[in-house]
Amino acid sequence: MLLQNVRKPELSEIIAIDAEAMGFKMSCDLETASLLRTLAGSCKNAALLELGTGAGISTSWILDGMDRVSSVLTVELDEAVQSIAKKHLSSDKRVQFFTMDGADFIKELGDQKFDFIFADTWPGKFYFLDETLDLLKSGGIYIIDDLLPIPSWPEEHVKKVEDLISYLDNREDLVITKLNWSTGLIIATKK
């Protein structure tokens with residue numbers, strides 16, 4: 001009921017149509033998208049990072065929450081899928097697209113620091129996690145989704161998710177909240 005009247009970014013609807021036509025079904029859901037917009041809106045004059053552009057639905061929501069002086073870098077390995085995001089969002093000067101392996105991208109970022117990181121792909125979530133968290137400013141927000149089991153998960157993925165959650169739980173430099181909501185999320189902030 002609460003999501004019946006959510007104001008969606010206009011471009012998110014168009015991107016969803018193009019993603020569906022391409023057969024891309026891995027975009028974030030409405031709950032996660034709405035949360036991303038709110039969290040992006042809490043970051044003023046900020047540097048944001050999205051690992052896993054996909055077709056750009058989450059990117060459109062992040063941009064919708066951002067102020068006019070913030071910027072977001074977003075990376076995607078699949079050029080064809082990311083082309084949807086570029087087609088609809090590249091006119092927004094606050095976003096920069098990178099098409100490459102997320103792990104290589106994380107390495108190239110060097111000493112840059114971010115106020116907000118949404119890791120929606122394996123690099124930055126299941127590997128290169130420490131390197132990604134090193135990119136997070138003190139007080140910055142780290143968000144991951146897709147943590148609740150679904151029937152299509154192979155058995156070994158369940159263990160990967162459990163290990164990830166345990167690792168984040170035991171980091172002393174993070175304050176985390178686990179949400180058994182949407183697709184399963186963790187929101188963390190760096191002390």
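The values are calculated or read from the model by the stated rules, or taken from the named source; none is laboratory data. Fair warning: this is a prediction, and the values are worked out from it, not measured in the lab. Cβ atoms come from the backbone with ideal geometry, glycine included; neighbour counts cover every protein chain shown. Areas reflect the complete protein model, heavy atoms only, side chains present, ligands, DNA and RNA absent. Shrake-Rupley method; radii C 1.70, N 1.55, O 1.52, S 1.80 Å.
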May I ask you to order 54-61, 149-156 by the average number of other C-beta atoms within 10 Å around their residues, highest value first?
54-61, 149-156
Per residue, what accessible area does the chain have, given a 1.4 Å probe and all protein chains present, in Å²?
51 Å²
Which of 86/159; 86/191; 44/178; 25/86; 87/159; 8/87 exceed 27 Å between C-alpha atoms? The answer is 86/159; 86/191; 87/159
Let me know the Rg and Dmax you get for the range 1-93 when you use only its Cα atoms, in Å.
12.6, 36
Under a 5 Å amide H to amide H cut-off, with H placed in plane at 1.01 Å, what residues pair with residue 146 once short-range neighbours are removed?
183, 184
In debye, nearest 20: dipole of the chain around its Cα centre with unit charges on the Cβ of K, R (+) and D, E (-)?
700 debye
Expected sort for 25-38, 116-129 on mean C-beta neighbours within 10 Å, highest first, is 116-129, 25-38
